[in-house]
Every structure is written in C-alpha cells, then in structure tokens.
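The values are calculated or read from the model by the stated rules, or taken from the named source; none is laboratory data. Keep in mind the model is a prediction, meaning the values are calculated, not measured. No Cβ is skipped: glycine too gets one built from the backbone with ideal geometry, and neighbour counts run over all protein chains shown. These accessible areas exclude ligands, DNA and RNA; they are computed on the full protein's heavy atoms, side chains included. Shrake-Rupley method; radii C 1.70, N 1.55, O 1.52, S 1.80 Å.
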Amino acid sequence: MTPSAPHWIAYSLPLRRPWVTQYGQETRRQGRLCRIGDTAGLAGWGDASPLPALGITPELATRYALECASLDLAARQARVPLYRHLGQARAVSSLQVNCMLGSLADCTAKQVANAYAQGFRCFKLKLGVTSLALELAQLE
C-alpha cells in the first residue's frame, strides 16, 4: 500500500524547570510529530525534536522523524511489532529512564532524594554551567 505524504503536527511543551545550558535557557520543548498513513488506514509515527546546541539540527530531526514513521508504518503493514521488524528477537521488557535534575549548580540533595524515593536510580545533571571547582565541590 502506498504511503501518504507526511502530516506534521507541531507541539510546544512547557518544562517544569528551565533547562540551562551554556547557550542560554529553555523553558519549552518544541518539535513536530510526523504521521505517515496508508490507504488501509494504518499509520506510522515519528518525532522531530531539534536541539541545535547539541548538534540535532531541524533538518536532522526531520530526517529522523520521517525514518521512524516509515519504519513504524512498515512494521504495522507487516503486522509485526517494530522490534521484530528491526530484527530483534524479543521486546525490551523494562527500560530504566533517567531523572533530569537540571543544572548541578541548582540541584539540591533533597531533589535527588525525592527522585530516588520516586523510583529513579539514574540521574542526569547538566554540567559546565559554573566553574569546575564549584561543580566538583557540589558533587562531593
């Protein structure tokens, strides 16, 4: 079945806390969802969420979203899960996600403890916002 032209749905999601980098501050995560359908009513989805400061340009994000949507649609047309369509023997049964705590300079021990109490065991902190000496002291 012939896929349709991609349909794009823009989104803009507010962040709970500003995301601070050496390039500035982000308060929203913006992107576009890509939907590619076929004449049987099946659809594949992809997500284009550029982060130019990290090398994910809008063009790269768009290509990635188109590829994901196309692969998702192909798996649905084959009536197999995407992991099997991609050649994997079994699905992932669990996935540990990290808790984004933001800038180390703004992170507190209480925030880490709260995230741990919520079940997180992997934490992500933004480094390089203040001096190396200050960040090393805070990590200790």
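Computed quantities for the displayed model
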{"item": "Residue count, the range 97-140 (criterion: within 19 Å of Tyr23 (Cα to Cα) and β-branched (Val, Ile, Thr))", "result": "2"}
{"item": "Test: residue in the range 53-61 that is in contact with a Pro (Cβ under 9 Å, 6 or more places away or on another chain) and open to solvent by 80 Å² or more (accessible area, probe 1.4 Å)", "result": "yes"}
{"item": "Residue list for the range 43-52, restricted to those being touching a helix residue (DSSP H, G or I) at 6+ places or on another chain (Cβ under 7 Å) and either among the β-branched types (Val, Ile, Thr) or open to solvent by 50 Å² or more (accessible area, probe 1.4 Å) (or both)", "result": "Trp45, Asp47"}
{"item": "Ser4 vs. criteria farther than 30 Å from Cys107 by Cα, touching a strand residue (DSSP E or B) at 6+ places or on another chain (Cβ under 8 Å) and part of a loop (DSSP other than H, G, I, E, B)", "result": "yes"}
{"item": "From the options Ala10, Ala40, Ala48, residue that is touching a Phe, Trp or Tyr at 6+ places or on another chain (Cβ under 7 Å) and without any contact (Cβ under 8 Å) to a residue 60 or more places away in the chain", "result": "Ala48"}
{"item": "Within the range 64-120, considering residues that are at pLDDT below 90 and open to solvent by less than 60 Å² (accessible area, probe 1.4 Å), the one farthest from the chain's Cα centre (by Cα)", "result": "Ala105"}
{"item": "Filter result for Thr27 (within 24 Å of Ser103 (Cβ to Cβ), of a type in the set (Ser, Thr, Tyr), out of contact with any Gly (no Cβ under 9 Å at 6 or more places or on another chain) and open to solvent by 30 Å² or more (accessible area, probe 1.4 Å))", "result": "yes"}
